[in-house]
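The values are calculated or read from the model by the stated rules, or taken from the named source; none is laboratory data. Just so you know, these numbers come straight off a predicted model, no measurement behind them. Backbone-built Cβ (ideal geometry, glycine too); neighbour counts: all protein chains shown.
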Ligand code: NAD
């Protein structure tokens, strides 16, 4: 029997609608080949939602997301809404979506594609074969901990305070996501903290170590964050899956992403507790400078759809097919402007989509 999944599409602003069209066509083609059906429902978020309803995240959009199996979000924002006060800006829509769905885990892969090795600023022999997944805690730690603020002392001096706090429950749930993720990869998990200095990191380390007992198939190691940053640029191939808190993850996931050198190629996932829909989206923004010109690279969004199939819908074969199609089009020399190199064929967003469909059909 055909398996049907309900997917909420949030195309958003800028290049969002163009890259969404490609991602949907690719999912439908793979679905047909593997007897999977998708019920797509589109909803507004970000600037387009502000134009329609005055709100960056209308209640109906959040409800629609809650009722689906997974959410495919493109990008939000643009010049038109830049002057709005911060509580009305498109970005508020993203924060509201994360809070509304309880998305506490952010997964950011950094995989070097052999065809794009020269886009990296690091030497070929250092980055060739890099395939890292950073699992970052997203809703706790120093970005949210209390007390926080700028306070005046008795002497009149101002003091800025932010507090890094993690409860056992918060650590346990992100650790489980990370172990599950590592299990689907090479089975190596590196937990990154600052346990030599921070008490909160000592609790982090002891909880992650305790949870490891439930995952005998995963090998756990620990690194201090300063060493992890060094190792990421010195010898990134030693990493498979990394798990870390909000602040360290913010920094390390960007550093890991830049090993690949191409922002138009990077997907991501944000997950909540099992049973709630995850949100899958490219790392890049809405690229208003090239919106509507058929110049956008749709591959990060297409790879986000592959992540959705792998991590939310448990359809690894479909995910593999999409990733293989991306490989094929790059092998054939197709490049959008952002990843263009000498001797390659420059194509637009739509033509890249057509090339993907051709690759999927040829693989059937
Ligand atoms: P951006 O990622 O949109 O663009 C940075 C540069 O990369 C631009 O030159 C753009 O043309 C290029 N680029 C990005 N994605 C591309 C793609 N798929 N194909 C080809 N080129 C691509 O970042 P920005 O310029 O800092 O922000 C633009 C808008 O996007 C802002 O309103 C910002 O708030 C928003 N933004 C949204 C998200 C999100 O939705 N998650 C993330 C970052 C920025």
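The table below gives the values:
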| item | result |
| --- | --- |
| Filter result for residue 309 (at pLDDT 95 or above, under 21 Å from the mean Cα position of the chain (by Cα) and either more than 27 Å from residue 138 (Cα to Cα) or away from the ligand (no atom under 15 Å from the Cβ) (or both)) | yes |
| Residue, nearest to the chain's Cα centre (by Cα), within region 276-303, restricted to residues that are more than 9 Å from the ligand (Cβ to nearest atom) and farther than 18 Å from residue 138 by Cα | 303 |
| Residue under evaluation residue 64, criteria (1) surrounded by 18 or more Cβ atoms within 10 Å (Cβ to Cβ); (2) away from the ligand (no atom under 16 Å from the Cβ); (3) not in a helix (DSSP H, G or I), criterion not met | (3) |
| Which numbered condition residue 274 fails, given (1) over 30 Å from residue 226 (Cβ atoms); (2) at pLDDT 95 or above | (2) |
| Count - residues of region 44-61 that are buried (at least 21 other Cβ atoms within 10 Å of the Cβ) and not in a loop (DSSP other than H, G, I, E, B) | 5 |
| Filtered residue count, region 331-354, keeping only those that are under 18 Å from residue 26 (Cβ atoms) and away from the ligand (no atom under 15 Å from the Cβ) | 3 |
| Candidates 256, 212, 269, filtered to the one that is within 14 Å of residue 109 (Cβ to Cβ) and part of a helix (DSSP H, G or I) | 256 |
| Check on residue 281, free of Cβ contacts under 8 Å to residues at least 60 places away in the same chain and on the phi < 0 side of the Ramachandran plot | no |
| Selected residue [over 17 Å from residue 269 (Cα atoms) and either modelled with pLDDT of 95 or more or in contact with a strand residue (DSSP E or B) (Cβ under 6 Å, 6 or more places away or on another chain) (or both)] from 20, 8, 4 | 4 |
| Residue in region 107-129 that is at negative phi, within 13 Å of the ligand (Cβ to nearest atom) and assigned to a helix (DSSP H, G or I) present | yes |
| Residue among 178, 182, 257, 228 that alone is crowded, with 19+ Cβ neighbours inside 10 Å, modelled with pLDDT under 95 and outside the structural domain of residue 94 (by TED's automatic domain parsing) | 257 |
| Unmet requirement for residue 15, which otherwise passes all of (1) surrounded by 19 or more Cβ atoms within 10 Å (Cβ to Cβ); (2) within 16 Å of the ligand (Cβ to nearest atom); (3) more than 20 Å from the chain's Cα centre (by Cα) | (3) |
| Total residues in region 231-246, condition surrounded by 18 or more Cβ atoms within 10 Å (Cβ to Cβ) and in a helix (DSSP H, G or I) | 3 |
| Filtered residue count, region 77-102, keeping only those that are part of a helix (DSSP H, G or I) and within 14 Å of the ligand (Cβ to nearest atom) | 14 |
| Residue match in region 78-93 (condition: closer than 26 Å to residue 322 by Cβ and in contact with a strand residue (DSSP E or B) (Cβ under 9 Å, 6 or more places away or on another chain)) | no |
| Verdict on residue 73 being within 11 Å of the ligand (Cβ to nearest atom), under 15 Å from residue 9 (Cβ atoms) and either not assigned by TED's automatic domain parsing to the domain that holds residue 23 or not in a loop (DSSP other than H, G, I, E, B) (or both) | yes |
| Test: residue in region 29-43 that is in contact with a helix residue (DSSP H, G or I) (Cβ under 7 Å, 6 or more places away or on another chain), closer than 21 Å to residue 286 by Cβ and in a helix (DSSP H, G or I) | no |
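Here's the yes/no breakdown for (1) surrounded by 20 or more Cβ atoms within 10 Å (Cβ to Cβ); (2) touching a residue at least 60 places away in the same chain (Cβ under 8 Å):
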position	(1), (2)
307	yes, yes
316	no, yes
327	no, yes
336	yes, yes
344	no, no
349	yes, yes
361	no, yes
